[in-house]
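Step one of this worksheet: look at the structure below.
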């Protein structure tokens, strides 16, 4: 796991209606700790955010929480993490999350999670980063988005030469292997593998 030291996880400040989402967040948090990978996340203690962070901590792992001042109370800032940064605004929060992560994972979430995921896909499309992006499609949660991305490509709004790569994991246990498989493909110069979705 030497290539990946920190992973930024985007996810909901709510738990969602499907228990599979929280279960995946707990399992992934434990896996991060077991593999000595630091969690970088939005700093909240509620919902899937709190679930994944507590799972890392309970398994002896390291957590960096980054939260804007105005959300400290609303998202119940988790003070138990080893490192906590309070920012002035959302823009600074997202920039620090980007700078402190080697890869990005989107678990189920709401509009904020969607916005953060799409921003990383866009930055990759524009050549602003080459960090792996994983869509954790737990129990099919992200199927509507994946369908929309495919439709954008079919309709010519996402054109050849303007593609970003992402991968789709169905289970929490698939995420780290997919990240490392992508990094291995890049080292071999063969990053057009079947597991990569094209934007």
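Readers should treat all values here as calculations from the given coordinates under stated rules, not as data from a laboratory. Just so it is clear, the model here is predicted, and its values are computed rather than measured. A quick note on method: Cβ atoms are made from the backbone with ideal geometry, for glycine too, and the neighbour counts reach across all protein chains shown.
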- Task: For segment 31-74, go through all pairs of different Cα atoms, get the mean of 1/r, take its inverse, and jot down that Kirkwood value in Å.
- Result: 10.6 Å
- Taking just the C-alpha trace of the chain, give me its Rg and Dmax in Å. 16.0, 47
- Message: Stokes-Einstein diffusion coefficient for segment 69-155 at 10 °C in a medium of 1.306 mPa s, Rh from the Kirkwood formula over Cα pairs: what value in µm²/s?
- Response: 107 µm²/s
- Three semi-axes of the equivalent ellipsoid, segment 92-131, Cα gyration tensor, whole Å, largest first: 16, 12, 10
- What ranking, highest mean first, results for peptides 167-177, 4-14, 130-140, 71-81 when packing means the other Cβ atoms within 10 Å averaged over each residue? 4-14, 130-140, 167-177, 71-81
- Could you check which residue among 114, 178, 162 shows the biggest mean-square fluctuation in a GNM of the chain with a 10 Å Cα cutoff? 162
- Yeah, segment 125-186 with a ≥ b ≥ c from its alpha-carbon gyration tensor (a/c under 1.5 is rounded, else prolate when a/b outruns b/c, oblate otherwise) is oblate
- Percentage relative contact order, the chain, counting C-alpha pairs under 8 Å, at least six apart: 21 percent
